[in-house]
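The values are calculated or read from the model by the stated rules, or taken from the named source; none is laboratory data. Just so we're clear, the structure is a prediction, and the values are computed from it rather than from any experiment. Counting neighbours? That spans all protein chains shown, and the Cβs are built from the backbone with ideal geometry, glycine included.
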Amino acid sequence: MEPYALPAQVYAAGLVFVRVGSVVMLLPGIGESFVPPRIRLSMALLLALCLGPIAARTLPAMPTTLGEMGGQVFHELLVGLMLGALTRFFLGALSVAGEVISLQTTLSFAQTANPIQAQPGGAVSTFLTMTGLVLLFATDAHYMFIGAIARSYSLFAPARHVLVQDAAAVALQAVISSFSLGVQMAAPLLVFALVFNVALGLVGRVMPQFQVFFAGAPLTLIAGLSVFALSLGTGMLIWLDRYRDFMRLFT
């Protein structure tokens, strides 16, 4: 490598690749298990080459001992995994909303292959998660991921200690916000289920001989899916706006 780059330059490029590669491994859409590893590695290498000049001024000098080198590599790996995990937390809001909607529309037992989780999941949750990923790439929100990686070299410089407590506080707030957002997205179905079940209970009390379950189950499914379809566009746009606001903290 000496005719092309100095050892210090090769080491600096390796440090950048460690952070970028660990982020790309967890990014929504790009870091999914169904994406071939070669594609993810190629994407990480390309981003590392593009972000190398930006990160060069913040990188530490080449260490002289193996222990110091391992500490720097572990630092970059930890920052990359932390940043990549934060980008995935808001996808949990779609899973929460999907599970709540499934419970209210009697579709909890409808399972399908979820490519995001690499295991079977609820049909509604899978649909919402895939819709969210499509929105991220259709609205160019995935460029915020690249901006977050570039910005991380000023927020979490390689020569500084990792602010573990602050990162844990941000992660906890992201989990709380994603859970509350998921419940808010499913709020129309919760209101519908409450009103509909109360109405069925009243009908059952007034006419005990009426088969409430056999009449209510198909009506719950049809009416619930109708409410879900009417509220889908607004709910997904709210989720996208909240996701953008969260990513602006790192860009």
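Can you tell me which residues in the range 88-104 are crowded, with 24+ Cβ neighbours inside 10 Å, of a type in the set (A, V, I, L, M) and in contact with a Gly (Cβ under 7 Å, 6 or more places away or on another chain)?
Ala93, Leu94, Ala97
Would you pick out the residues in the range 153-165 that are surrounded by 12 or more Cβ atoms within 10 Å (Cβ to Cβ), outside any helix (DSSP H, G or I), touching a residue at least 60 places away in the same chain (Cβ under 8 Å) and of a type in the set (A, V, I, L, M, F, W, C)?
Phe156, Ala157, Val162
Does Thr105 satisfy the criteria of being touching a residue at least 40 places away in the same chain (Cβ under 8 Å), among the hydroxyl-bearing types (Ser, Thr, Tyr), in contact with a Phe, Trp or Tyr (Cβ under 8 Å, 6 or more places away or on another chain) and farther than 30 Å from Ala186 by Cα? Before you say what the answer is, go through the steps one by one.
Numbers: touching a residue at least 40 places away in the same chain (Cβ under 8 Å): yes; among the hydroxyl-bearing types (Ser, Thr, Tyr): yes; in contact with a Phe, Trp or Tyr (Cβ under 8 Å, 6 or more places away or on another chain): yes; farther than 30 Å from Ala186 by Cα: no.
Judged against the criteria, Thr105 is not a match.
Is there a residue in the range 232-251 that is in contact (Cβ under 8 Å) with a residue 24 or more places away in the chain, hydroxyl-bearing (Ser, Thr, Tyr), under 29 Å from Arg88 (Cα atoms) and not in a helix (DSSP H, G or I)?
Yes - at least one qualifying residue is present in the range 232-251.
Of all residues in the range 200-224, how many are part of a helix (DSSP H, G or I), among the hydrophobic types (A, V, I, L, M, F, W, C) and touching a helix residue (DSSP H, G or I) at 6+ places or on another chain (Cβ under 9 Å)?
First, the residues of the range 200-224 that are part of a helix (DSSP H, G or I): 200-206, 212-224.
Imposing the further condition that a residue be among the hydrophobic types (A, V, I, L, M, F, W, C) reduces the set to 200, 202-203, 206, 212-215, 217, 219, 221-223.
So of that shortlist, the ones also touching a helix residue (DSSP H, G or I) at 6+ places or on another chain (Cβ under 9 Å) come out as 200, 203, 212-213, 215, 219, 223.
The total comes to 7.
Out of curiosity, is Ser231 among the polar types (S, T, N, Q) and touching a Pro at 6+ places or on another chain (Cβ under 6 Å)? Give the steps one after another, and end with the answer.
Working: among the polar types (S, T, N, Q): yes; touching a Pro at 6+ places or on another chain (Cβ under 6 Å): yes.
So Ser231 fits the description; yes.
Scan the range 214-226 and tell me whether some residue there is within 19 Å of Ala138 (Cβ to Cβ), without any contact (Cβ under 8 Å) to a residue 24 or more places away in the chain and either of a type in the set (Phe, Trp, Tyr) or surrounded by fewer than 18 Cβ atoms within 10 Å (Cβ to Cβ) (or both). Before the answer, list the steps.
We begin by selecting, within the range 214-226, every residue within 19 Å of Ala138 (Cβ to Cβ); these are none.
No, the conditions are met nowhere in the range 214-226.
For the range 44-87, how many residues are under 30 Å from Val183 (Cβ atoms) and either without any contact (Cβ under 8 Å) to a residue 12 or more places away in the chain or buried (at least 16 other Cβ atoms within 10 Å of the Cβ) (or both)?
Applying the first criterion (under 30 Å from Val183 (Cβ atoms)) to the range 44-87 yields 81-87.
Of the ones still in play, those that are also either without any contact (Cβ under 8 Å) to a residue 12 or more places away in the chain or buried (at least 16 other Cβ atoms within 10 Å of the Cβ) (or both) are 82-84, 86-87.
Result for the range 44-87: 5.
Any residue in the range 166-176 that is in a helix (DSSP H, G or I), closer than 27 Å to Val227 by Cα and not small (Gly, Ala, Ser)?
Here is the first cut: in the range 166-176, the residues in a helix (DSSP H, G or I) are 166-176.
If we keep only those that are closer than 27 Å to Val227 by Cα as well, we get 175-176.
Retained after the next criterion (residues that are not small (Gly, Ala, Ser)): 175-176.
Yes: one or more hits.
For every residue, the table says whether it meets (1) over 30 Å from Arg57 (Cβ atoms); (2) at pLDDT below 85; (3) not small (Gly, Ala, Ser).
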site: Leu103; (1), (2), (3): yes, yes, yes
site: Leu107; (1), (2), (3): yes, yes, yes
site: Gln119; (1), (2), (3): yes, yes, yes
site: Ser125; (1), (2), (3): yes, yes, no
site: Met130; (1), (2), (3): yes, no, yes
site: Ala138; (1), (2), (3): yes, no, no
site: Ala157; (1), (2), (3): no, yes, no
site: Val170; (1), (2), (3): no, yes, yes
site: Phe179; (1), (2), (3): yes, no, yes
